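These notes concern the structure reproduced below.
The values are calculated or read from the model by the stated rules, or taken from the named source; none is laboratory data. Owing to the predicted nature of the structure, the values given are computational and were not obtained by experimental measurement. Note that each Cβ is placed from the backbone with ideal geometry, even for glycine, and that neighbours are counted across all protein chains shown. These area figures cover heavy atoms from the full protein model, side chains too; ligands, DNA and RNA do not enter into them. Shrake-Rupley method; radii C 1.70, N 1.55, O 1.52, S 1.80 Å.
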Amino acid sequence: MAAPMEVAVCTDSAAPMWSCIVWELHSGANLLTYRGGQAGPHGLALLNGEYLLAAQLGKNYISAWELQRKDQLQQKIMCPGPVTCLTTSPNGLYVLAGVAESIHLWEVSTGNLLVILSRHYQDVSCLQFTGDSSHFISGGKDCLVLAWSLCSVLQADPSRIPAPRHVWSHHTLPITDLHCGFGGPLARVATSSLDQTVKLWEVSSGELLLSVLFDVSIMAVTMDLAEHHMFCGGSEGSIFQVDLFTWPGQRERNFQPEQDAGKVFKGHRNQVTCLSVSTDGSVLLSGSHDETVRLWDVQSKQCIRTVALKGPVTNATILLAPVSMLSSDFRPSLPLPHFNKHLLGAEHGDELRHGGLTLRLGLHQQGSEPSYLDRTEQLQAVLCSTMEKSVLGGQDQLRVRVTELEDEVRNLRKINRDLFDFSTRFITRPAK
């Protein structure tokens, strides 16, 4: 069986001939181009391995293409304002978009706009789901990073305002990028900011694990799959490699290029806007405002390929090519529905489909959720209680058993005294 093909998917802000280009990662051969509009930063997403979505730069709609019908725009998803960022859930069930300071969540199967989250105070700049689709992370120009539980957001009671699970407010300037590692609810999240820091967080506890200070603003951040390295793109064109597996343990550190000269990728002439790492961690892809996309060898820090685009690069990511991208006769399993512009509830002319059934999963988990450490402690207590019951029979049976043993000891002591008295009388009995 042949190994899956890795492809690079790139967009720029000029797009005179095409909106998005796909090329084979290692050979550099052009595979596909998609036409129609200009994709904005953090505005490119693959939906269920069948559709390519692109948030149009400065426009109030999202373009959608079938992966094989590259020359024909499938649909425009209209939004109430310019779309600032876009992502999809790995399970293919939901689409998230930042519209100004609000987050819009659509259900893919019905096209219903389920909820609008308004907890940021300025534009939302980046969005990403965890690998299991249970949580999503949002970063904004208000310097805040919010971690959301999807089941808490998908609540049936419209009177309740969904609240994020964690509010990370340690950054002091706007958030420029974020990357969510593997592990689902136990994942670690890296965030970059104009305040010249990159911070590493834990989703389960909300704890700040690491903060690295640089000499320049950091515009992009990513990690390899094993999370051995964190790559940070600077505003002056350098890319810095932070080794996580050799970290000495302190929570804060300054990255000094003169001391870490072997950890810097140099080649871009303008700010780095996007970063992505290959599956095996050997190749790094970077896009920049210098209108080039570069492919780097991680071990040697050498540039192995440069692709020139027609404008500042807005998106560059490495993907495992889905079957639908490589097969000319592939068609999506289901067509995209009409995406409603307004919230579910027949507002402003969006009518509910009669006879439908709305199902919300995870209602039993709504409200305040215990952390995974709390759940671990609860599980440990249950296991200890079960073990105690299985070995000793429980507290009530233990008390009964102790009482029985105490009665038996008293009986044995009485028998011992009786034997002693009998032997004493027998020995001291006068001879006849």
Ordered by residue, what ³J(HN,Hα) values in Hz, to whole numbers, does region 109-118 give under the Karplus form 6.51 cos²θ - 1.76 cosθ + 1.60, where θ = phi - 60° and Gly and Pro are x? 5, 10, x, 6, 7, 7, 7, 10, 9, 10
Could you tally the net charge around G37, taking each other residue with its Cβ under 10 Å from the Cβ of G37, Lys/Arg +1 and Asp/Glu -1? +3
Explain nothing, just compute: Karplus ³J(HN,Hα) = 6.51 cos²θ - 1.76 cosθ + 1.60, θ = phi - 60°, for every residue of region 286-295 in order, whole Hz, x for Gly and Pro. 9, x, 9, 6, 7, 6, 10, 10, 10, 10
Hand me the GluC sites (Glu not before Pro) from region 222-325 located in a DSSP loop with no more than 10 other Cβ atoms within 10 Å, in residue order please. E258
Looking at the square roots a ≥ b ≥ c of the eigenvalues of the Cα gyration tensor of region 68-122, which shape do they give, rounded for a/c under 1.5, prolate if a/b is larger than b/c, or oblate? prolate
Excluding ligands, DNA and RNA, what is the solvent-accessible area per residue of the chain at a probe of 1.4 Å, expressed in Å²? 51
Given H placed 1.01 Å from N in the peptide plane, which residues other than close sequence neighbours of R165 have an amide H under 5 Å from its amide H? A147, W148, S149
Listed by chain and number, the residues whose amide H is under 5 Å from that of V115, excluding neighbours fewer than 5 places away on the same chain and using placed H, are L105
Any chance you could check the Cα centroid distance between region 35-60 and region 156-220 for me, in angstrom? 23
Could you tell me the relative contact order of the chain? Use alpha-carbon pairs under 8 Å, at least six residues apart, and round to a whole percent. 13
For R119, what is the net charge nearby, where nearby means another residue's Cβ is under 10 Å from its Cβ and Lys, Arg count +1, Asp, Glu -1? -2
If you take the square roots of the eigenvalues of the alpha-carbon gyration tensor of region 209-284 and sort them as a ≥ b ≥ c, do you get rounded (a/c under 1.5), prolate (a/b over b/c) or oblate? oblate
Going by the alpha-carbon gyration tensor, a ≥ b ≥ c the square roots of its eigenvalues, is the chain rounded (a/c under 1.5) or, if a/c is not under 1.5, prolate (a/b greater than b/c) versus oblate? prolate
Defining a contact as two alpha carbons under 8 Å apart and six or more residues distant in sequence, what relative contact order in percent does region 277-328 show? 32
Can you give me the long-range amide H partners of Y94? Hydrogens built in the peptide plane at 1.01 Å from N, cutoff under 5 Å, separation of 5 or more residues or another chain. S89, V108
Sequence of D418, D142, D215 when ordered by accessible area, the most exposed leading, probe 1.4 angstrom: D215, D418, D142
Give the total of Lys-Lys pairs in the chain with Cα-Cα distances below 22 Å; include a pair only if its members are 8 or more places apart or on different chains. 12
For region 6-325, the dipole about the Cα centre with charges only on Cβ (Lys and Arg +1, Asp and Glu -1), to the nearest 20 debye, works out at 460
